[in-house]
1. How about the range 74-88: which of its residues are closer than 12 Å to Leu47 by Cβ and part of a loop (DSSP other than H, G, I, E, B)?
2. Out of everything in the range 75-91 that is among the small types (Gly, Ala, Ser) and over 19 Å from Thr24 (Cβ atoms), what residue ends up being surrounded by the fewest Cβ atoms within 10 Å (Cβ to Cβ)?
3. So, Lys49, is that one at pLDDT 95 or above, part of a strand (DSSP E or B) and among the charged types (D, E, K, R) or not?
4. Suppose we filter the range 44-74 for residues that are over 16 Å from His120 (Cα atoms) and either among the basic types (Lys, Arg) or buried (at least 20 other Cβ atoms within 10 Å of the Cβ) (or both); how many remain?
5. Residues that are of a type outside the set (D, E, K, R) and modelled with pLDDT under 95: does the range 54-72 have at least one?
6. Would you confirm, using the coordinates I've provided, whether Tyr119 is touching a residue at least 12 places away in the same chain (Cβ under 8 Å) and under 17 Å from Ile69 (Cβ atoms)?
7. Which of the residues spanning the range 75-96 are at pLDDT 95 or above and under 16 Å from Val62 (Cα atoms)?
8. State all residues of the range 92-115 that are surrounded by fewer than 17 Cβ atoms within 10 Å (Cβ to Cβ) and not in a loop (DSSP other than H, G, I, E, B); if no residue qualifies, say none.
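The values are calculated or read from the model by the stated rules, or taken from the named source; none is laboratory data. Keep in mind that what you see is a predicted model, and the values were worked out from it rather than measured. Glycine also receives a Cβ, built like all others from the backbone with ideal geometry; neighbour counts cover every protein chain displayed.
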Amino acid sequence: MKTKMLFTGLLLNAALNATAFAATNPLSVHVLNLQDGLPSAGVSVMLEKQEGNKWVHLSDGVTNKQGRITALYPADNAIEKGNYRVTFKTGEWFDKHNTATFFPEVPVIFKADGSVPHYHIPLLLSPYGFSSYRGN
């Protein structure tokens, strides 16, 4: 019983630490595979900011076992107002899972207007469709 309580406590502590870390970074993403209803671990994701007519690379990441990247924005920086593009490399992920897909990548462009301290971009994914929305 003590082992189970200790394990539960460790899990809770890890979850709280991850939540606290995510709260300090202004951008997170989450990918869920609609085909099986499970998180999509191992999806490569790229973040860019629009500067005039060009996109400037800011960071890259890979989704964890829960299909999340809790801190995609460059560390220790507040998000600047502007247009951003999060590109999910879905073709690579589907190739690794021996699944054909119509979308080699999914770019999600959003506007950070400074109205909230944290932006969350979820992606609901299937081989022939996707959906995204402003999460929290």
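1. Pro74, Asn77, Ile79
2. Checked the range 75-91; the qualifying residue surrounded by the fewest Cβ atoms within 10 Å (Cβ to Cβ) is Gly82.
3. So Lys49 passes the test.
4. Residues flagged as over 16 Å from His120 (Cα atoms) and either among the basic types (Lys, Arg) or buried (at least 20 other Cβ atoms within 10 Å of the Cβ) (or both) within the range 44-74 amount to 2.
5. So far as the range 54-72 goes, no, none of its residues is of a type outside the set (D, E, K, R) and modelled with pLDDT under 95.
6. Spelling it out, Tyr119 is indeed touching a residue at least 12 places away in the same chain (Cβ under 8 Å) and under 17 Å from Ile69 (Cβ atoms).
7. Hits for the range 75-96 are Arg85, Val86, Thr87, Phe88, Lys89, Thr90, Gly91, Glu92, Trp93, Phe94, Asp95, Lys96.
8. Glu92, Asp95, Lys96, Pro107, Ile109, Phe110, Lys111
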